[in-house]
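Trainee: Take this structure first; my questions come after.
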């Protein structure tokens, strides 16, 4: 993950090698939580992507993904923002309510790329609901003194 610091290498390792090793060993949660706090954004990207295959299939531990992804939402690194959106986009195809429920409290912290990817395949009603919340929260001035 560190020496092959390139999206093509990291993504392949995370979604075709590491994910299967972690599933077999039962270490997905332990390693994903540890990697999520790593200083290297490539390692943090693996923490996000190591469940992509099962999540894409309608399985996997979405709650674990959400706990790992939420603190990374404010990051400026494109490859982190894109990975969060990618996983959410894939989850939305089988379990759109999970994605909506994840995005609702994060309407202001999710980047544009994360938001676009995550909402791409949501049902139209959910897209409208989330869009109106995002627009409203982006326009609301901060409340001072609360």
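Every number in this text was worked out from the coordinates using simple rules, so none of it is lab data. A quick note: this is a predicted structure, and the numbers were derived from the prediction, not measured. Note: ideal-geometry Cβ built from the backbone for every residue, glycine included; neighbour counts use all protein chains shown.
Trainee: So for the chain, averaging the separation of alpha carbon pairs under 8 Å that are six or more residues apart and normalising by length, what relative contact order in percent results? Walk me through the numbers before you get to the answer.
Mentor: Numbers: 166 pairs, mean separation 26.7, N = 146.
Computed over the chain, the figure is 18 percent.
Trainee: What is the angle, in °, between the Cα long axis of helix 124-139 and the longest principal axis of the Cα atoms in the chain? Nearest 10 is fine, range 0 to 90.
Mentor: So the inclination is approximately 70 degrees.
Trainee: In cubic angstrom, how much convex hull volume per residue do the alpha carbon atoms of segment 1-84 span?
Mentor: Details: hull volume 7.2 nm³, N = 84.
With only Cα atoms used, segment 1-84 gives 86 Å³ per residue.
Trainee: As a check on your grasp of the helix formula, calculate [θ] at 222 nm for the chain: sum -39500 (n - 2.57) over DSSP H runs of n ≥ 4, divide by the residue count, round to the nearest 500. Write out the running numbers ahead of the final one.
Mentor: Working: 10 runs with 91 residues, N = 146.
The helix-only estimate for the chain comes to -17500 deg cm²/dmol at 222 nm.
Trainee: Same structure, new question: Expressed in nm to one decimal, what extension gain is obtained for the pair residue 67 and residue 97 from 0.36 nm per residue of sequence separation less their Cα-Cα distance?
Mentor: Numbers: separation 30, 0.36 × 30 = 10.80 nm, distance 1.66 nm.
Result: 9.1 nm gained on full extension.
Trainee: What FRET efficiency would be calculated for the residue pair residue 137, residue 3, taking the C-beta separation as r and a Förster radius of 41 Å, to the nearest 0.05? Walk me through the numbers before you get to the answer.
Mentor: Working: r = 41 Å, r/R0 = 0.99.
About 0.50, to the nearest 0.05.
Trainee: Mind computing the radius of gyration and Dmax over the alpha-carbon atoms of the chain? Å is fine for both.
Mentor: Every Cα atom of the chain included, Rg and Dmax give 15.6, 51 Å.
Trainee: How far is it, in nm, from the label point at residue 57 to the one at residue 78 when both lie 7 Å from their Cα along the line to the Cβ?
Mentor: 3.2 nm
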